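Values quoted throughout were computed directly from the atomic coordinates according to the rules given, and no laboratory measurement underlies them. Source: prediction; values computed, not measured. Here Cβ is always computed from backbone atoms with ideal geometry, including for glycine, and neighbour counts include all displayed protein chains.
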Amino acid sequence: FCKQNGRHNLLFYLPNMNKHYEKVITLEGDLRQALTQNELYLHYQPKVDVRTGYISGMEALVRWKHPEQGLISPAEFIPVAEETGLINQLDEWVLKEACRQNQEWIEQGYAPERMAVNVSANEIQRHDFTENVKQILVESRMDPQYLEIEVTENSVMRNTEQCLQTMQDLKSIGVSLSIDDFGTGYSSLSYLRQFPIHYLKIDRAFIKGVLTDPSDAEMVKAMIQLAEAFKLEVVAEGIEDQEVLDFLKENECAYYQGYHFSKPLPPHEMEKLLVKKQTY
Ligand code: C2E
Ligand code: CA
Ligand code: CA
Ligand code: CA
């Protein structure tokens, strides 16, 4: 038997149907609709430069306000988008919107150095990815130097040859690259050395343990040293308190992101920080 679930998709309930797929199918239909009905929007989280205390850049993070369920976390719908192929459209929408917003801030004279956008494994492995990025940059009129692409450590290790090519192409057009969630994946040092990347973002899982778990502290120190050896900048994510910040400063980490400075903010609130040249 089947049942209408309120929006436009039919759900078929088979006795053994996996709850997971049931949820994926419902979310897929809703997400498809969200993409065309302006239910998605972006929040921006500042990245702070420790040397100056200024906001040196920011990260765009997608938000979804579902008409019936309210806010749904990207941790929940990004995997669904990846499984169903909708991620292609979603990531493209995010890129366009982030570039459009940043160009507006550039023209008003208060854009920081970089706007970072998260890109899924599926996207970075597409042959036409760099072409799409180029097109979006042209449409938004934003200088490529302002754009930073974040890819997770795991996603670049899935198809390293294709990723290496995409990364080189992105670099050649002037776009910066970050390896996100660093430390949680399984990248080999030889690849890391070949990748044309600018930043390593140390995953929050390590950062939050630096004061309580000696092995986390050692891992973080080792990652900072590794980055230095490879001439990469380090971004620590998920800083929630002063003590953790002090630890990172002592160990010469260059950039920080976290609730201690600011949560991801809606555009008008981010703009306020930029206008008053907020320092931390
Ligand atoms: P991520 O790229 O690792 O982003 C960092 C996440 O940590 C964000 O969660 C951010 O809000 C949160 N965060 C930042 N500072 C702190 C802190 O001090 N404490 C804690 N507890 N959390 C902090 P969010 O926005 O829920 O995003 C979750 C994940 O969803 C992201 O992880 C990213 O993998 C994915 N995502 C978000 N937006 C996009 C997007 O536009 N495209 C793609 N492909 N993925 C996205
Ligand atoms: Ca990220
Ligand atoms: Ca991350
Ligand atoms: Ca993460």
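For the reader, a short list of remarks on this structure follows.
- Here the peptides 26-35, 68-77, 39-48 are ranked by packing, the mean other Cβ count within 10 Å, and the order with the highest first is 39-48, 26-35, 68-77.
- The separation of region 51-82 from region 91-137, counted between C-alpha centres, amounts to 15 Å.
- Extension gain, K249 to K263, is 3.0 nm, computed as 0.36 nm per intervening residue step minus the present C-alpha separation.
- Computed from label points 7 Å out along Cα-Cβ, the spacing between T36 and E240 is 4.1 nm.
- The distance separating the Cα centre of region 237-280 from that of region 165-236 comes to 19 Å.
- Amide N proximity, region 194-214 versus D143 label position 7 Å along Cα-to-Cβ, cut-off under 17 Å: none
- Based on C-alpha pairs under 8 angstrom that are at least 6 apart in sequence, the chain has a relative contact order of 18 percent.
- Residue list for region 244-258, given a label point 7 angstrom along the Cα-to-Cβ vector of L211 and an amide N cut-off under 18 Å: 244-253, 256-258
- Relative contact order of region 20-89: 29 percent, from C-alpha pairs under 8 Å at least 6 residues apart in sequence.
- Label-point gap, in nm, between Y21 and Y191 - each point 7 angstrom along Cα→Cβ: 3.0 nm
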